[in-house]
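Chemist: Take this structure, written in C-alpha cells, and hold onto it; I'll ask about it next.
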Amino acid sequence: MKAWLSQNRVAFELKDVRRDAEALREFLASGALLPPVVVIDGEVVQGFQPERMEALLLAAEERESGESPQSGRQPERGASERGR
C-alpha cells in the first residue's frame, strides 16, 4: 500500500493503530474491519484497491481544480493510511 501511494505521488500520513490511540479511534469510527484502510476525500477504502483509490484521487483532483487533470501530469495527491 505504501509503495503504491509513493509510486503514484500520493502524499499520505501513516497512522499506526497499535501505537496511536487517536488513530485507533478513527479506525473504529470508519467502520472498517481490518487494516490497512485508506481515506481519500472522506471515502474509506479497505484493503489494497488500486483502481478504486485512483478513481477517488482523480475525482478529488477534478473537484479541487474545477476541471479534468491534464494528461501526463502527476500532481501530488493526498490520502491517509491507517494500520500496518
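Chemist: Mind giving me the FRET efficiency for residue 7 and residue 46? R0 is 22 Å, r the Cβ-Cβ distance, nearest 0.05 is fine. Kindly include the intermediate steps, with their values, before the conclusion.
Modeler: Values: r = 20 Å, r/R0 = 0.93.
After rounding to 0.05, the efficiency reads 0.60.
Chemist: Next question, about the same structure. Give the peptides 18-27, 51-60 in descending order of average Cβ contacts within 10 Å, highest first. Intermediate results must be reported in sequence, preceding the final value.
Modeler: Numbers: 18-27: 13.5, 51-60: 15.7.
In descending order of packing, they fall as 51-60, 18-27.
Chemist: Now for a different question. Taking amide H positions as placed 1.01 Å from N in the peptide plane, with prolines and chain starts having none, which residues 5 or more places from residue 10, or on another chain, fall under 5 Å of its amide H?
Modeler: Here the answer is 77, since their amide H atoms fall under 5 Å of that of residue 10.
Chemist: Report the extension gain between residue 33 and residue 21 in nm, rounded to one decimal, defined as 0.36 nm multiplied by the number of residues separating them, less their alpha carbon distance.
Modeler: Numbers: separation 12, 0.36 × 12 = 4.32 nm, distance 1.68 nm.
That works out to 2.6 nm of additional length.
None of the figures in this text is laboratory data; all of them are computed from the coordinates on show. Treat the numbers as computed from the prediction; the structure is a model and nothing was measured. As a convention, Cβ positions derive from the backbone with ideal geometry for all residues, glycine included, and neighbour counts pool all protein chains shown.
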